[in-house]
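The values are calculated or read from the model by the stated rules, or taken from the named source; none is laboratory data. Bear in mind the structure is a predicted one, so any value in this text is a computation, not a measurement. When we count neighbours, we look across all protein chains shown, and the Cβ atoms used for this are built from the backbone with ideal geometry, even at glycine. Note: areas computed on protein heavy atoms with side chains; ligands, DNA, RNA excluded. Shrake-Rupley method; radii C 1.70, N 1.55, O 1.52, S 1.80 Å.
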Amino acid sequence: MELKEKQRKILDVAVELFKEKGYMGSSVRDLATKLNIKAASLYAHIRSKEEILEWICFGIAQEFFDELQEVKNTDIAPREKLNLLLDKHLSVVLKNRDVTHIYSNEWRHLEERLPEFVELRKNYQQEVEELISEIYKAEKWELKSPSFTTRFILHTLNNSYFWFKRSSDSTDEITDEIRDKILFGLLGNQHS
């Protein structure tokens, strides 16, 4: 999805607005006011408010898929692959904190493309689950519920932006802390 310069500006301002007021609490008029233009002028650049939500949700979903493919195509030890998966997913979350917040909380408001987005999320979860299962099998770790483990990891990673203030913690420190908590919690004494 390649956005024009004006669309990128609209997207940036919409992210701020949706984070502040929520998707449903935001109007095209609110967005136009923040952009210092007339609401009718926005429609020269967007079809609807929902299109902006589509840009947000499908855009970050593509980033997650791109990073996952890189992890899957990397020839490293399984344990390191799990570390890399956590690092790559977290890097997308932490560099896009506001977008991740909207993606995690507002996707249900997609109407026209909701079924497509739900399918995309399921496919991502399935690919992550397959990767985690392969890693556990290669390391001979017990994995009682691949689906639960995957949902637990993704939920933890996707909501990690809540736990840290932007100014006080570096992305590396956050990533290390979360990776250690997830790995220790999942692997116990096997982690090292």
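Points worth noting:
- Listed residues 51, 20 arranged by accessible area, highest first, probe 1.4 Å: 20, 51
- Residue of 149, 33, 100 that the Gaussian network model of the chain assigns the largest fluctuation, springs spanning Cα pairs under 10 Å: 33
- Two-decimal log10 I(q)/I(0) for segment 112-161, as the Debye equation yields it once each C-alpha is a single scatterer, q = 0.18, 0.26 Å⁻¹: -0.63, -0.98
- Straightening the chain between residue 138 and residue 48 buys 27.6 nm, computed as 0.36 nm per residue apart minus the Cα-Cα spacing.
- Averaged per residue, the chain has 56 square angstrom of accessible surface, using a 1.4 angstrom probe with ligands and nucleic acids left out.
- Per-residue SASA remark: residue 41, around 50 Å² accessible (1.4 Å probe; ligands, DNA and RNA not included).
- Between 181, 95, 140, the Gaussian network model of the chain with springs among Cα atoms under 10 angstrom shows the greatest mean-square fluctuation at 140.
- Labels on offer are (1) 0.98; (2) 1.15; (3) 1.39, and the one holding Cα Rg over 2.2 N^0.38 Å computed from this structure is (2).
- Nearest-10 value in Å² for the accessible area of residue 16, using the 1.4 Å probe: 110 Å²
- For segment 89-140, the share of accessible area belonging to carbon and sulfur comes to 44 percent (1.4 Å probe, ligands and nucleic acids excluded).
- Cβ-placed point charges (K, R +1; D, E -1), dipole of segment 1-46 about Cα centre in debye, nearest 20: 140 debye
- The heavy atoms of residue 113 present about 70 square angstrom of accessible area, all protein chains included, probe 1.4 Å.
- With contacts taken as Cα pairs under 8 Å and at least 6 residues apart, the chain reaches a relative contact order of 22 percent.
- Among 44, 32, 61, the largest mean-square fluctuation in a Gaussian network model of the chain (Cα springs under 10 Å) belongs to 44.
- Between residue 151 and residue 118, the simple label model (points 7 Å from Cα in the Cβ direction) yields a spacing of 1.5 nm.
- By accessible area with a 1.4 Å probe, ligands and nucleic acids excluded, highest first: order of 12, 172: 172, 12
- Shown here for segment 28-83: trypsin sites (Lys or Arg not before Pro) in loop regions (DSSP other than H, G, I, E, B) with at most 12 other Cβ atoms within 10 Å, namely 38, 47.
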